[in-house]
Amino acid sequence: MRSSVAALKSTAEFVPTGTDRRVFAEPGAEDVATVAAKELAEAIATVEREQHGPFAGPVEVYVTRDEESFAAFTGVPKEVRGAVILKIFLSGGLRKEPDRIRRILTHELSHLHLGQRLGMVYGYNATLPSWFQEGLAVVVSGGGGAEKMSEEGAVEAILKGKSIIPEANGSFFFKKFANSYGLTPPMFYRQSGMFVAHLQRLDEARFRSFLLAIKDGHGFGDSFAKSYGMGVDEAWQQFTERFKRRQPSAHL
């Protein structure tokens, strides 16, 4: 609801950036917008390559002057650094973390790419579970969103039973996020990204077939089963079993 209200807020004061006029800066955000503009073309190419196809619509990126403005335009907490609310918003707070600009930009482009295919408002969320949305974006962006949690920390949490439980369907009204599993956002992103990377490594051709099927509007769970010959729950069990086998045996 907060994001829906925020989406009505006018961006008329945002000004196109000289190096790439698809990036718009709110007055005071020129420093972050300039970096984003330099990175945009390569970030778009990365997403189109990794997600197997061009963007279905125009790409525009709006950079806010600070964290408070970002929260006002997106309806999400000011600690967040990027969001897609019909269009991409980047937080001016990224000036505190300039090394994250490229990764966060690419992460949000991953969301936009599939959202343009499936319908950003309803189809994307109703079709795709959040673990896959975020996990794919983490993988494609080289870790964007998961920087504050290591793979080792994520494995340790999984072994303690503190993990995502990947569902086979999306939900528009009852989406599951990090707090649904008692996890922090970085932990949620890291575990989701690791699982998506695992699915990709299992068989590149099957992963591509699966991704193309959901882009064409086929059901997530059915597309997964058809491509991998098993359900999401079985794939997750196989993924986590690898970590359990690594644990040293207890000797009395």
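The values are calculated or read from the model by the stated rules, or taken from the named source; none is laboratory data. If you're wondering where the values come from, they're calculated on a predicted model, not measured in any experiment. Note that each Cβ is placed from the backbone with ideal geometry, even for glycine, and that neighbours are counted across all protein chains shown. Note: accessible area is taken over every heavy atom of the protein model, side chains too, but ligands, DNA and RNA are not part of it. Shrake-Rupley method; radii C 1.70, N 1.55, O 1.52, S 1.80 Å.
Conditions (1) out of contact with any Leu (no Cβ under 9 Å at 6 or more places or on another chain); (2) of a type in the set (G, A, S), marked per residue:
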residue	(1), (2)
P27	yes, no
A33	no, yes
A43	no, yes
V61	no, no
A71	yes, yes
T74	yes, no
| request: Select from the range 57-99 the residues that are open to solvent by 50 Å² or more (accessible area, probe 1.4 Å) and under 18 Å from the mean Cα position of the chain (by Cα) and list them in ascending order. | output: E60, P77, K78, E79, V80, L86, K87, D99
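Take the residues in the range 25-45 that are small (G, A, S) and open to solvent by 30 Å² or more (accessible area, probe 1.4 Å); name whichever of them is farthest from L136 (Cα to Cα).
That would be G28.
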| note | The residue that is nearest to A45 (Cα to Cα), considering only those in the range 125-142 that are in contact with a Lys or Arg (Cβ under 8 Å, 6 or more places away or on another chain) and part of a helix (DSSP H, G or I), is V138
| task | Hey, can you tell me all the residues within the range 92-107 that are free of Cβ contacts under 8 Å to residues at least 40 places away in the same chain and either more than 14 Å from D66 (Cα to Cα) or of a type outside the set (D, E) (or both)? | result | G93, K96, D99, H107
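Please go through the range 143-166 and give me each residue that is part of a loop (DSSP other than H, G, I, E, B), over 16 Å from E241 (Cβ atoms) and touching a helix residue (DSSP H, G or I) at 6+ places or on another chain (Cβ under 7 Å), ordered by number. Steps first, answer last, please.
Just the residues of the range 143-166 that are part of a loop (DSSP other than H, G, I, E, B), to begin with: 143-150, 160-166.
From the residues that got through so far, the ones that are over 16 Å from E241 (Cβ atoms) too are 143-150, 162.
Correct list: G143, G144, G145, A146, E147, K148, M149.
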| Residues located in the range 48-79, provided they are free of Cβ contacts under 8 Å to residues at least 40 places away in the same chain and of a type in the set (V, I, T) | T64
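In this structure, is S223 in contact with a Lys or Arg (Cβ under 7 Å, 6 or more places away or on another chain), open to solvent by less than 20 Å² (accessible area, probe 1.4 Å) and of a type outside the set (A, V, I, L, M)? Reasoning before the result, please.
Working: in contact with a Lys or Arg (Cβ under 7 Å, 6 or more places away or on another chain): no; open to solvent by less than 20 Å² (accessible area, probe 1.4 Å): yes; of a type outside the set (A, V, I, L, M): yes.
Criteria not met by S223.
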| said: Please determine whether any residue of the range 13-27 is in a helix (DSSP H, G or I) and basic (K, R). | reply: no
| said: Going residue by residue through the range 170-193, is there one that turns out to be among the small types (G, A, S), open to solvent by 50 Å² or more (accessible area, probe 1.4 Å), in contact with a helix residue (DSSP H, G or I) (Cβ under 9 Å, 6 or more places away or on another chain) and in contact (Cβ under 8 Å) with a residue 12 or more places away in the chain? | reply: no
| Going by the conditions given, is E48 surrounded by fewer than 21 Cβ atoms within 10 Å (Cβ to Cβ) and in a loop (DSSP other than H, G, I, E, B)? | no
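Sort out which residues of the range 113-122 are open to solvent by less than 10 Å² (accessible area, probe 1.4 Å) and either outside any helix (DSSP H, G or I) or out of contact with any Asp or Glu (no Cβ under 9 Å at 6 or more places or on another chain) (or both), and write them in order of number. Before you say what the answer is, go through the steps one by one.
The initial filter retains those residues of the range 113-122 that are open to solvent by less than 10 Å² (accessible area, probe 1.4 Å), namely 113-115.
Those that are open to solvent by less than 10 Å² (accessible area, probe 1.4 Å) and either outside any helix (DSSP H, G or I) or out of contact with any Asp or Glu (no Cβ under 9 Å at 6 or more places or on another chain) (or both): L114, G115.
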| What single numbered condition from (1) without any contact (Cβ under 8 Å) to a residue 12 or more places away in the chain; (2) touching a Phe, Trp or Tyr at 6+ places or on another chain (Cβ under 8 Å) fails to hold for K160? | (2)
| said: Six or more apart or on different chains, Cβ atoms under 7 Å: show the pairs whose first residue is in the range 12-30 and under 18 Å from L94 (Cα atoms) and polar (S, T, N, Q) and whose second is open to solvent by less than 20 Å² (accessible area, probe 1.4 Å) and in a helix (DSSP H, G or I). | reply: T17/A33; T17/A37
